[in-house]
1. Let a ≥ b ≥ c be the square roots of the eigenvalues of the Cα gyration tensor of segment 255-306; is it rounded (a/c under 1.5), or, if not, prolate (a/b larger than b/c) or oblate?
2. Order the following by accessible area, largest value first: Val545, Val488. Probe radius 1.4 Å; ligands, DNA and RNA are ignored.
3. Kindly report, to the nearest 10 Å², the accessible surface of His487 as traced by a 1.4 Å probe over protein heavy atoms only.
4. By its C-alpha gyration tensor, with a ≥ b ≥ c as the square roots of the eigenvalues, how is segment 300-378 shaped: rounded for a/c under 1.5, else prolate for a/b larger than b/c, else oblate?
5. If you stretched the chain out fully between Met149 and Gln304, how much longer would it get, using 0.36 nm times the residue separation minus the C-alpha to C-alpha distance?
6. Given a 1.4 Å probe and the protein chains all in place, what does the accessible area of Glu226 round to, in Å² to the nearest 10?
7. Could you check the spin-label model distance between Asn202 and Ser370? Points 7 Å from the Cα along Cα→Cβ, value in nm.
8. With no solvent and one equal point scatterer per Cα, compute the Debye intensity ratio I(q)/I(0) for segment 201-242 at 0.17 Å⁻¹ and report its log10, rounded to two decimals.
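The values are calculated or read from the model by the stated rules, or taken from the named source; none is laboratory data. Note that the coordinates shown come from a computational prediction; the quantities given were computed from them, not determined experimentally. In this analysis, Cβ positions are derived from the backbone assuming ideal geometry, glycine residues included, and neighbour counts consider all displayed protein chains. Quick note on the areas: whole protein, heavy atoms, side chains included, nothing else; ligands and nucleic acids left out. Shrake-Rupley method; radii C 1.70, N 1.55, O 1.52, S 1.80 Å.
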Amino acid sequence: MTHGPTFSRAFGSLTSSPRKRFTTFFVMLSVIFFIIFMSSGDPFLPREDKMQQSIAEMQTHLQFLDSLYRARQEDLITLQNKILASRCFNESHRHQPTSYSDTVTVTIAPEILTSLKNLSGTKAAQGVQPKNLQLFRTPFVFQLLPHLMNDPNSLRPSYHMKSGRVFVDVVIGIPTVKRDKESYLLITLTHLVNGLTEDDVNTTLIVVFVGETDLEYVVSIARQIETAFPKQVENGLIEVLSPSSSYYPDFDTLEKTLGDSMKRVKWRTKQNLDAIYLMSYAQTKGTFYLMLEDDVIAKNNYMQEIKQFTAATTVSTPNWFFIEYCQVGGIGKLFRSSDLIHFVTYVQLFYNNMPIDWLLESYLADRVCSIDKTSKACGKSKITIRPKYKTSLFQHIGLYSSLKGKIQKVKDAHFGSVPTFYPHTNPPLENIKTNIVEQGDHTLKRAYEGQTYFWGIKPKKDDMIEFRFEKPMAIKSYIFRSSNVDHVNDKFYDTVVEVLPSGTNNYTVIGSFDEFGLADGELKKDAGPFSAIRLSVQSDSFYWVILSEIEIVTYDDHENIR
């Protein structure tokens with residue numbers, strides 16, 4: 001089975017120099033630095049700090065190269081085992097009717113052979129017979145993510161706009177997906193590119209991971225990036241990567257965990273899979289990996305500050321696991337690439353259990369917290385392997401989450417005023433009514449016409465909002481978005497969407513509002529026509545309610561169905 005250049009490279013990668021040569025080279029270089037330092041007679045501490053940081057940087061590079069060496073060893077061992085198995089198969093085919101395509105030849109000490117003669121015919125003896133010794137395979141990725149075995153190309157990218165860069169200082173990973181309302185990717189890339197010095201540009205790689213299986217969409221994103229950053233794409237600073245559709249499992253079969261809705265479970269599970277795909281690809285490209293998101297802005301010269309603080313921290317806290325350059329979620333976490341394989345495997349174990357930022361916390365706890373430690377002591381232990389930069393180098397700017405319907409509680413001055421409603425041109429109505437008390441000028445009629453948002457006082461059970469069409473219509477899709485950025489809690493809770501088939505008096509439920517206050521859906525053309533669509537409240541609410549978006553799309557907006 002061909003693994004492709006993603007996860008297979010996470011468990012096996014390129015290098016040809018033996019480990020001892022790297023170690024010897026490092027030791028000699030350290031001695032030279034020490035001699036130069038001692039002969040200089042310079043008593044100032046900053047110079048000693050500088051030398052220690054240089055040595056720490058060399059150690060980190062050595063760890064990175066050593067991880068590549070181990071990965072290459074695994075490739076060679078796998079290849080060697082395949083060759084031995086093939087020889088054993090051919091040999092057994094000539095002399096015995098049974099084939100041993102997975103057996104290997106082993107050397108058994110003479111004293112063991114002597115003792116085995118007394119055990120002839122027993123299963124104990126058979127356990128060490130060369131022809132019966134099976135290869136132990138450890139394809140963890142396929143055991144932990146068994147759906148990958150359904151397609152031999154599941155780990156191959158479906159799209160890859162390559163940069164050709166390898167062995168950079170820092171790989172910046174940016175996963176992105178289709179967002180409900182706005183995309184911030186190009187803004188994020190602009191800040192990241194502008195925040196690099198000329199030297200940083202040559203030692204950095206930005207990998208944009210598009211977590212979508214719609215190839216047309218992926219290509220459009222790549223084209224947008226190339227158009228906006230032609231120089232950076234040409235010189236190899238930016239590349240774009242997207243997985244095969246078979247990389248993802250059937251999300252409808254996932255187990256619900258943490259008491260979350262199925263919608264949230266699917267979202268965070270996919271987010272985890274995207275994160276480890278990107279890590280697995282990036283871990284052979286550079287010494288460090290910087291984990292970001294597609295809706296952040298960066299401080300100017302952020303890379304210089306990262307390099308300086310990382311070097312100093314490696315001297316003072318050499319066993320750090322990641323350094324926080326932003327304390328929000330999974331943003332601004334810097335890892336040694338040589339450590340990523342351990343975390344990737346950990347996420348494979350629990351990718352369906354919790355979100356990526358929780359998995360980071362869990363992994364840290366598993367490393368330094370024993371069962372007899374108090375939570376306070378555990379927290380102190382975790383701090384020792386997760387140093388934090390004095391300020392945040394990255395700021396979260398996204399208003400709309402990649403989880404459809406979810407509004408982030410973070411606004412940024414760079415974006416000016418944030419819209420509180422989204423107007424649409426909707427089908428003409430015969431009448432519109434609600435028994436929810438309207439607040440001021442925020443009436444339902446004005447909201448339907450796109451002039452403002454609807455704002456009502458605490459809906460009660462059996463309250464409703466009804467839109468009755470001028471003539472029956474076949475509804476293609478609908479969106480009812482409750483709450484807005486100023487009033488995040490003012491949304492519909494326990495409320496369903498119903499339609500009234502033409503010529504009847506009985507409403508039919510076609511959807512409901514989710515945990516984020518969004519109700520949307522699509523209908524087949526032959527499902528209609530409908531005389532009306534309404535929102536029906538099933539229980540009393542503790543909050544007021546806002547409808548910030550009303551969109552009803554018909555199959556033919558210009559021709560009413562009779």
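1. Values: a/c = 3.94, a/b = 1.87, b/c = 2.11.
Oblate is the answer for segment 255-306, as a/c is 1.5 or above yet b/c matches or exceeds a/b.
2. Details: Val545 0, Val488 35 Å².
Heavy-atom accessible area, descending, gives Val488, Val545.
3. About 60 Å², rounded to the nearest 10.
4. Details: a/c = 1.90, a/b = 1.44, b/c = 1.32.
Prolate, because a/c is 1.5 or more and a/b exceeds b/c.
5. Values: separation 155, 0.36 × 155 = 55.80 nm, distance 4.27 nm.
The span from Met149 to Gln304 would gain 51.5 nm if fully extended.
6. For Glu226, solvent-accessible area is about 70 Å².
7. 5.0 nm
8. The calculated log intensity ratios at q = 0.17 Å⁻¹ are -0.44.
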